[in-house]
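The values are calculated or read from the model by the stated rules, or taken from the named source; none is laboratory data. Since the structure is predicted, the reported quantities are computational estimates derived from the model, not experimental observations. Cβ: placed from backbone, ideal geometry, glycine included. Neighbour counts: every protein chain shown. We work out accessible area using only protein heavy atoms, side chains counted, and drop any ligands, DNA or RNA first. Shrake-Rupley method; radii C 1.70, N 1.55, O 1.52, S 1.80 Å.
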Amino acid sequence: MVRPSSRDAILRVFAEHVAERGYAETALADVAVALGLSKGTILHHFGSKEALLGEVHVAYFGRRLAEADYVRAHLESPVERLVAMIYALLAAHRDDRAASLTCLRELVRYSGDELGGTLAEHIRGQRTRYTDLVVDIVRAGAAAGELHTADPRMTALHVFGMCNYAWTWYRPDGPESVEHIAGVFVRDLLGEARDAELAKAIAVVRRAPGRVPAG
C-alpha cells in the first residue's frame, strides 16, 4: 500500500495539475513524472483518473467539514458562526487553492445521481452535510432574531453562491485580500460592518486543524 505521505502527495500534485489545466487536459503521466513515480503506480493505488478526482473531493470536503465543526465548537453566536463560514469558504481559495479550484470546477460531475458508486454517493453526502451546517446556522440566527430571513436555506445558498463563485475572479496576488473581501460580503449580507465578529471569526478559522492538504 502506498504510504500516507505518498498518497497525499499524489492527491496534491494531481489537484495542482487540474487547477492549472483542467481535468480533461490533465494527464496522469505528467502527475507521475512530477512525483518521480510511474503512471502504473498511481493507477495501482487509485484505480482511475476519475477515482483520483473523487478522492480529491473527499479529502477537500473532509477538511471543510472539520473546519466547520471547529467553528461550531469555538463560536456560540449564529452571527459569529456565519461570519466564520463566509471567511472559511473564501480563505480556502487562497490556502487550499489547488483543491478548491479542482473541486469547484468539477463539482458538476457529482451534482446529480447519474454518477453512481460509493465514492460519488459519499461526496454528495459530504456536500449535503456541509450545506445543512450552514442552513442550521442561518436558521438558528433567524430564530434568535440575530439574522433576518424568511428562508434560511435560500440565504445559505446565497452565501455559497457569492463565496464559491469567487474562484473565478479572486487571485491570491491580486489587490484585494481574503479578509477584505470577507468584510465586504459580511457587510452586504448583514447590512452593516461586523468588524469585531470578523476578527474573532478569522482567528478561530485560522486555528482550525488540518485546513490545508498534507505537504
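For V138, are the conditions met, namely being farther than 29 Å from E55 by Cβ, under 20 Å from the mean Cα position of the chain (by Cα), open to solvent by less than 30 Å² (accessible area, probe 1.4 Å) and touching a residue at least 12 places away in the same chain (Cβ under 8 Å)? Can you show your working first?
Details: farther than 29 Å from E55 by Cβ: yes; under 20 Å from the mean Cα position of the chain (by Cα): yes; open to solvent by less than 30 Å² (accessible area, probe 1.4 Å): yes; touching a residue at least 12 places away in the same chain (Cβ under 8 Å): yes.
Taking the combined requirement at face value, the residue satisfies it.
Tell me, which residue of region 143-164 that is assigned to a helix (DSSP H, G or I) and touching a residue at least 60 places away in the same chain (Cβ under 8 Å) is nearest to L104 (Cα to Cα)? Give the derivation first.
Step one: list which residues in region 143-164 are assigned to a helix (DSSP H, G or I), which gives 143, 152-164.
Next, only the ones that are touching a residue at least 60 places away in the same chain (Cβ under 8 Å) stay: 159-160, 163-164.
Values: V159: 15, F160: 11, C163: 11, N164: 7 Å.
For region 143-164, the residue satisfying everything is N164.
With the condition kept exactly as written, say whether any residue in region 26-43 is open to solvent by 10 Å² or more (accessible area, probe 1.4 Å), of a type in the set (A, V, I, L, M) and closer than 30 Å to G145 by Cα.
No.
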Fill in the blank from the handout: With criteria (1) touching a Leu at 6+ places or on another chain (Cβ under 7 Å); (2) open to solvent by less than 40 Å² (accessible area, probe 1.4 Å), A156 comes up short on (1)
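Restricting region 141-153 to residues that are of a type in the set (A, V, I, L, M, F, W, C) and open to solvent by less than 40 Å² (accessible area, probe 1.4 Å), which is nearest to R97 (Cα to Cα)?
Applying the filter and picking the extreme gives L147.
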Problem - Where D30 falls short, out of the listed (1) in a helix (DSSP H, G or I); (2) touching a helix residue (DSSP H, G or I) at 6+ places or on another chain (Cβ under 6 Å) - result: (2)
Exercise for the section: Give the number of residues within region 7-25 that are assigned to a helix (DSSP H, G or I) and either among the hydrophobic types (A, V, I, L, M, F, W, C) or open to solvent by 60 Å² or more (accessible area, probe 1.4 Å) (or both). Expected result: 13
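Considering each of A203, A182 in turn, give the residue that is open to solvent by 30 Å² or more (accessible area, probe 1.4 Å) and either aliphatic (A, V, I, L, M) or outside any loop (DSSP other than H, G, I, E, B) (or both).
On the way: A182 fails: open to solvent by 30 Å² or more (accessible area, probe 1.4 Å).
That would be A203, the only listed residue that is open to solvent by 30 Å² or more (accessible area, probe 1.4 Å) and either aliphatic (A, V, I, L, M) or outside any loop (DSSP other than H, G, I, E, B) (or both).
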Handout entry: When residues of region 183-215 are limited to those that are closer than 16 Å to E146 by Cα and touching a helix residue (DSSP H, G or I) at 6+ places or on another chain (Cβ under 6 Å), the one modelled with the lowest pLDDT
Key = A193
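Based on this model, can you work out whether F14 counts as in contact (Cβ under 8 Å) with a residue 40 or more places away in the chain and closer than 30 Å to Y170 by Cβ?
yes
Any residue in region 16-25 that is more than 22 Å from the chain's Cα centre (by Cα) and within 20 Å of P213 (Cα to Cα)? Give the steps one after another, and end with the answer.
At the first step, the residues of region 16-25 found to be more than 22 Å from the chain's Cα centre (by Cα) are 25.
From the residues that got through so far, the ones that are within 20 Å of P213 (Cα to Cα) too are none.
There is no residue in region 16-25 that is more than 22 Å from the chain's Cα centre (by Cα) and within 20 Å of P213 (Cα to Cα).
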Handout entry: Single residue of R171, R211 found to be open to solvent by less than 50 Å² (accessible area, probe 1.4 Å) and in a loop (DSSP other than H, G, I, E, B)
Key = R211
Fill in the blank from the handout: Scanning region 44-99 residue by residue, the ones that are at pLDDT 95 or above, open to solvent by 20 Å² or more (accessible area, probe 1.4 Å) and of a type in the set (S, T, Y) total 2
